[in-house]
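As structure tokens, the structure follows; a few thoughts come after it.
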Amino acid sequence: MTESQPTPPSDPNGFGAPLPPAPPIAPIAPAAPAPATQQASGAVTQPPAPAVPGQSAPASPPPPAAARPASQPQAAASAPPAPPVLDDGSYGGLRTPRGTSALALDGTWHQISPRYVTSQVVQNAVFVLLVVAAMLIAVFAFDQTWVWFPGGAVILVTLLTLAILPRQAKAIGYMLRADDIVFRRGILWQRMVAVPYGRLQLVDITHGPLDRAFGVAQLKMVTAAATTGVQIPGLTQPAAEALRDVLIEVAETRRTGL
């Protein structure tokens with residue numbers, strides 16, 4: 001029995017010659033990165049990374065958020081304009097204590113009218129006359145001589161008060177500021193009160209018969225706290241009405257937050 005010889009493999013190309021080896025593949029140099037660009041908003045944009053063979057392209061980064069404009073600071077509230085009538089017929093200079101202990105504020109002080117002193121002198125003179133008449137009736141009609149002592153003390157205190165009244169009147173003043181109204185009075189014993197506009201509940205004007213005769217009035221400001229109520233005496237009637245209108249308008253603005 002003869003052995004069968006193995007059949008050689010057939011040439012797939014059909015030419016009977018072996019295939020030449022494939023040439024080597026040159027490596028691909030990575031592309032140089034593109035320079036970063038700057039947008040008009042100031043944000044720097046990086047170029048996309050070059051694609052590498054055999055790898056999936058990286059996801060593109062999200063676009064930068066638009067730059068938000070810087071918030072503008074709110075304008076500070078300014079002091080309400082003071083009507084010119086507030087200074088008509090008033091004292092020309094505020095009397096303040098001398099020395100470094102004096103309380104000072106930045107702003108314009110408005111003062112009261114000199115007719116306030118005249119009105120107070122007339123009212124106190126009428127009061128002294130009534131006290132003297134009561135003393136004379138008690139002594140001569142009822143033989144009550146002891147009334148000379150209390151009556152004399154009352155008259156003496158009243159006369160001393162009238163003597164220093166002009167100096168006290170020149171030390172009374174008020175100032176309109178951005179958030180409150182400041183009232184001051186006194187030389188030896190100073191009092192300075194700041195009333196916020198937003199706390200004002202009532203602005204009242206009062207004047208008696210003699211006050212109307214001399215053309216002066218008293219403006220009263222009422223707040224929620226009884227200790228911060230302020231009375232400004234000796235205002236002229238036009239000044240009192242103008243100041244009342246300004247305070248009411250500013251108080252409504254502060255309460256509504258406008």
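The values are calculated or read from the model by the stated rules, or taken from the named source; none is laboratory data. Fair warning: this is a prediction, and the values are worked out from it, not measured in the lab. All Cβ positions, even for glycine, are placed from backbone atoms using ideal geometry, and neighbour counts span all protein chains on display.
Could you grab me the full set of residues in the stretch 138-163 that are farther than 30 Å from D87 by Cα and either within 44 Å of the chain's Cα centre (by Cα) or β-branched (V, I, T) (or both)? Walk me through it before giving the result.
Step one: list which residues in the stretch 138-163 are farther than 30 Å from D87 by Cα, which gives 138-157.
Listed by number, the residues that qualify are V139, T145, V147, V154, I155, V157.
Is it true that V139 is in a helix (DSSP H, G or I), free of Cβ contacts under 8 Å to residues at least 12 places away in the same chain, surrounded by fewer than 17 Cβ atoms within 10 Å (Cβ to Cβ) and in contact with a helix residue (DSSP H, G or I) (Cβ under 8 Å, 6 or more places away or on another chain)?
Working: in a helix (DSSP H, G or I): yes; free of Cβ contacts under 8 Å to residues at least 12 places away in the same chain: yes; surrounded by fewer than 17 Cβ atoms within 10 Å (Cβ to Cβ): yes; in contact with a helix residue (DSSP H, G or I) (Cβ under 8 Å, 6 or more places away or on another chain): yes.
So V139 passes the test.
Which members of the stretch 203-227 meet the condition of being within 21 Å of R184 (Cβ to Cβ), buried (at least 16 other Cβ atoms within 10 Å of the Cβ) and modelled with pLDDT under 90?
If the condition is that a residue be within 21 Å of R184 (Cβ to Cβ), buried (at least 16 other Cβ atoms within 10 Å of the Cβ) and modelled with pLDDT under 90, then V222, T223 are the ones that fit.
Restricting the search to the stretch 145-188, which residues are β-branched (V, I, T) and out of contact with any Pro (no Cβ under 9 Å at 6 or more places or on another chain)?
Answer for the stretch 145-188, where residues must be β-branched (V, I, T) and out of contact with any Pro (no Cβ under 9 Å at 6 or more places or on another chain): T145, V147, V154, I155, V157, T158, T161, I164, V182.
Could you tell me how many of the residues in the stretch 79-108 are at pLDDT below 80 and surrounded by fewer than 15 Cβ atoms within 10 Å (Cβ to Cβ)?
The number of residues fulfilling the criteria is 11.
Of the conditions (1) touching a Phe, Trp or Tyr at 6+ places or on another chain (Cβ under 8 Å); (2) surrounded by 15 or more Cβ atoms within 10 Å (Cβ to Cβ), M192 fails just one. Which one is it?
For M192, the exception is condition (2).
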